[in-house]
Amino acid sequence: MGKTIIHNNPILMIDGSSKPIAEIRVGDQILTFESEGSSKKIPAVVQGVARYVVNEFLVINKILKVTPEH
């Protein structure tokens, strides 16, 4: 399973634009890393979404927000 990120973190779309993760839907076309640790981005189609309520999160590089277990 992937990393947990917060609702307003931007997701890179296949057309180069970005969208808050809270607005991502099944069927959206996004760019993702080829594999963990890779810097190569490849196109992918969102197959499912999950939503969780958390009480706290960490901020990495003043931009990316993730849950503590990640």
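The values are calculated or read from the model by the stated rules, or taken from the named source; none is laboratory data. Treat the numbers as computed from the prediction; the structure is a model and nothing was measured. No Cβ is skipped: glycine too gets one built from the backbone with ideal geometry, and neighbour counts run over all protein chains shown. We work out accessible area using only protein heavy atoms, side chains counted, and drop any ligands, DNA or RNA first. Shrake-Rupley method; radii C 1.70, N 1.55, O 1.52, S 1.80 Å.
Could you look through the stretch 41-51, keep only residues that are among the small types (Gly, Ala, Ser) and modelled with pLDDT of 80 or more, and pick out the one that is farthest from residue 14 (Cα to Cα)? The qualifying residue farthest from residue 14 (Cα to Cα) is 48. Screening residue 24 with (1) of a type in the set (A, V, I, L, M); (2) farther than 23 Å from residue 68 by Cβ; (3) in contact with a strand residue (DSSP E or B) (Cβ under 8 Å, 6 or more places away or on another chain) gives one miss only, at (2).
Residue check: is residue 54 open to solvent by 70 Å² or more (accessible area, probe 1.4 Å), at pLDDT below 90 and outside any helix (DSSP H, G or I)? Taking the combined requirement at face value, the residue does not satisfy it.
For the stretch 13-44, which positions are open to solvent by 70 Å² or more (accessible area, probe 1.4 Å) and of a type in the set (A, V, I, L, M, F, W, C)? Within the stretch 13-44, 14, 26, 33 meet the criteria. Counting just the residues of the stretch 1-11 that are open to solvent by less than 60 Å² (accessible area, probe 1.4 Å) and part of a strand (DSSP E or B), which one comes out modelled with the highest pLDDT? If we take residues in the stretch 1-11 being open to solvent by less than 60 Å² (accessible area, probe 1.4 Å) and part of a strand (DSSP E or B), then 11 is modelled with the highest pLDDT. With respect to residue 22, is the statement that it is small (Gly, Ala, Ser), assigned to a loop (DSSP other than H, G, I, E, B) and modelled with pLDDT under 95 true? No; evaluated as a whole, the condition is false for this residue.
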